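Notes follow once the structure below has been shown.
Laboratory data are not the source of any read-out in this text; all were calculated from the coordinates shown. Since the structure is predicted, the reported quantities are computational estimates derived from the model, not experimental observations. Note that we place each Cβ from the backbone using ideal geometry, even for glycine, and neighbour counts take in every protein chain shown.
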Amino acid sequence: MTAKILDGKAIALELREKIAQKISDEVAKGKARPGLAVILVGADPASQVYVRNKKIACEKAGFNDVSLELPAETTQEELLAKIDELNAREDVHGIIVQLPVPKHINSEAIIERIDPKKDVDGFHPYNMGRLATRTLNLAPCTPHGVMTMLAKTGIQLRGLNAVVVGASNIVGVPMALELLNARATVTVCHSATQDLAQKVSEADLVVVGVGIPEMVKGAWIKPGAIVIDVGINRLDDGRLVGDVEYDIAKDKASWITPVPGGVGPMTIATLLENTVQAAYD
Ligand code: GUN
């Protein structure tokens, strides 16, 4: 079997067009454009690329870009003060701090300082709690984007055995909660999991977000499974690969996300969607 491609790029584009239309309708009614502040502290090259992509998507959709680039030496107190300033601004509807932040800054303290109503990353404990209690408010962008992509493709999740590889706050944990809310039976695997290959081989749906190139082997994939690869890793030879061994996995899966062009565009589209929700709902 050769898998069908889950075309995140196309689905994200459609979503972004809808968002741009919604903004022009709201502006025509006299409402302000959504304002999004993407804060980058330091000059991590991968983060610079992600932030640039978010800003381009923002501009194309008609957002007001109020992003900030702060030096790596910025103190935690200075960053908290910036967040307070943005929390108080009426023209700012969404605030995100690109992770990772430099080591001298406590990311939990930063996330908890963002007004939960402006937490368009969905990382604040309030928003994570809303996801965990099935009273969704602003949901973390990558897992929610994966759910949108699956729904738009017509994939039913109820009753599937889902295996999530990786238990981060950004991907694995909220992904597991989303899948549980969709009535899948969910197993979360992490670095202490025994016999990962066995666990993955039982999955009807596998979502991998670990940041290790091709860590999940194609041979582990159950024939006909749905494979969602959240990873994006640059190899020394310049190639971009996911966390799944794509070339072998694609011959076993029924559906698979490409890297790039799968989950990444959905994360950005969901960030825009969350910001529109924060601005107008
Ligand atoms: N770093 C990696 N993914 C993300 C994300 O979705 N949001 C933020 N703020 N930082 C990230």
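The charge dipole of region 57-204, taken about its Cα centre with unit charges on the Cβ of Lys, Arg, Asp and Glu (plus for the first two, minus for the last two), comes to roughly 760 debye. For region 139-281, the alpha carbon convex hull comes to 111 Å³ per residue, rounded to a whole number. Pairs with C-alpha atoms separated by more than 21 Å, drawn from the list 18/82; 9/54; 31/152; 18/54; 82/117; 9/117, are 18/82; 31/152; 9/117. For region 97-144, the calculated P(r), taken from all Cα-Cα distances in 5 Å bins from zero up to the bin holding the longest distance, is 5, 23, 30, 22, 13, 5, 1 percent.
Comparing 150, 231, 249 along the charge dipole axis of region 127-281, the residue lying farthest to the positive side is 150, per the Cβ-charge model.
If you plug the beta carbon distance of residue 91 and residue 197 into 1/(1 + (r/R0)^6) with R0 = 51 Å, you get a FRET efficiency near 0.50. Note on the chain: the alpha carbon radius of gyration divided by the globular reference 2.2 N^0.38 Å gives 1.00.
Per-residue ellipticity at 222 nm computed for the chain from its helices equals -13000 deg cm²/dmol, with DSSP H segments shorter than 4 residues left out and the rest contributing -39,500 (n - 2.57).
Karplus-based coupling profile of region 22-31, in residue order and whole Hz: 4, 5, 5, 5, 5, 5, 4, 8, x, 7, with θ = phi - 60° in 6.51 cos²θ - 1.76 cosθ + 1.60 and x standing for Gly or Pro.
Annotation for region 218-238 versus region 40-90: alpha-carbon center distance of 30 Å. Restricting attention to the chain, close to 5% of DSSP beta bridges with both partner residues there are antiparallel. In order along region 68-73, the phi-based Karplus estimate (6.51 cos²θ - 1.76 cosθ + 1.60, θ = phi - 60°) of 3J(HN,Hα) comes to 10, 10, 10, x, 4, 7 Hz; Gly and Pro are listed as x.
Of 262, 172, 211, which is the most mobile in a GNM of the chain whose springs link Cα atoms less than 10 angstrom apart? Answer for the Gaussian network model of the chain: 211. Work out, in µm²/s and without decimals, the Stokes-Einstein translational diffusion coefficient of region 48-102 at 10 °C, 1.306 mPa s, Rh from Kirkwood over C-alpha pairs. Diffusion coefficient, whole number: 127 µm²/s.
Stokes-Einstein diffusion of region 1-66 at 10 °C, 1.306 mPa s viscosity, Kirkwood radius from Cα pairs, rounded to a whole number: 114 µm²/s.
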